[in-house]
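Reading through the structure tokens given below for one structure.
The values are calculated or read from the model by the stated rules, or taken from the named source; none is laboratory data. Please read all numbers here as calculations on a predicted model, not as lab measurements. With ideal geometry, Cβ positions are generated from the backbone for all residues, glycine too; neighbour counts draw on all protein chains shown.
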Amino acid sequence: MELELVTGRPTTNDGRLEKEIRTYDLLDSLGIEYERVDHEEANTMEACLAIDEVLAPAVICKNLFLCNAQKTKFYLLMIREDKKFLTKDISKQINSARLSFGPAEYMEQFLDITPGSVSVLGLMNDKENNVTLLVDEDVLKAEYFGCHPCINTSSLRLKTADVFGKFLEAVHHEYTVVKL
């Protein structure tokens, strides 16, 4: 299957999950432009290489769902795909006990996302602000970045400024900049 970058939402909702359609609805209502590529399920960073080439020059992020040991604080960490996640570095910067990967049931409960589909766009489903967004400073330096529309069978290229401005404002989330 040849990967093709197209502008905007799919022409039909057939075969699309409700959460993906809600993502396009929100982006469209906010006037956020995006380009999209549909593809086979992409569960790993390795599976994303061909997709990354299509989305270039977008920065591709690792999106990690994390929590503290007590499972009382939850975080979505966005880091460049070429960086390593070191829990002690992040924990120190946010004054938290050591972080670990959050259980899938909390990811689904708060973000309506399953493992492999984690994306900043899932914050639109976090109405109670249970999840704190942490962003590596280098992600913010890029003009564009790529992410999933809450499902890992499509990927989007968005302007970084639109996501960290219009989108986060609309979904009532702020972010904390971290350095890795």
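In this structure, does Glu2 turn out to be under 18 Å from the mean Cα position of the chain (by Cα), assigned to a loop (DSSP other than H, G, I, E, B) and modelled with pLDDT under 95? Judged against the criteria, Glu2 is not a match. Given the structure, is Cys61 closer than 26 Å to Tyr24 by Cβ and touching a helix residue (DSSP H, G or I) at 6+ places or on another chain (Cβ under 7 Å)? So Cys61 fits the description; yes.
Applying the criterion of being part of a strand (DSSP E or B) and basic (Lys, Arg) to the residues of region 157-180, the residue that is nearest to Tyr34 (Cα to Cα) is Arg157. Within the option set Phe85, Phe65, Phe101, being buried (at least 17 other Cβ atoms within 10 Å of the Cβ), among the aromatic types (Phe, Trp, Tyr) and either more than 20 Å from Glu128 (Cβ to Cβ) or in contact (Cβ under 8 Å) with a residue 24 or more places away in the chain (or both) holds for one residue only, Phe65. Within region 26-39, does at least one residue satisfy the condition of being in contact with a helix residue (DSSP H, G or I) (Cβ under 9 Å, 6 or more places away or on another chain), at pLDDT below 90 and surrounded by 20 or more Cβ atoms within 10 Å (Cβ to Cβ)? Within region 26-39 (the criterion being in contact with a helix residue (DSSP H, G or I) (Cβ under 9 Å, 6 or more places away or on another chain), at pLDDT below 90 and surrounded by 20 or more Cβ atoms within 10 Å (Cβ to Cβ)), the answer is no, since none of the residues qualifies.
Tell me, please, whether a residue that is in contact with a strand residue (DSSP E or B) (Cβ under 6 Å, 6 or more places away or on another chain), outside any strand (DSSP E or B) and buried (at least 17 other Cβ atoms within 10 Å of the Cβ) can be found in region 14-23. Break it down stepwise before answering.
Quick first cut of region 14-23, residues in contact with a strand residue (DSSP E or B) (Cβ under 6 Å, 6 or more places away or on another chain) only: none.
No, because not a single residue in region 14-23 is in contact with a strand residue (DSSP E or B) (Cβ under 6 Å, 6 or more places away or on another chain), outside any strand (DSSP E or B) and buried (at least 17 other Cβ atoms within 10 Å of the Cβ).
Scanning region 44-62 for residues that are surrounded by 13 or more Cβ atoms within 10 Å (Cβ to Cβ) and out of contact with any strand residue (DSSP E or B) (no Cβ under 9 Å at 6 or more places or on another chain) returns Ala47, Ala50.
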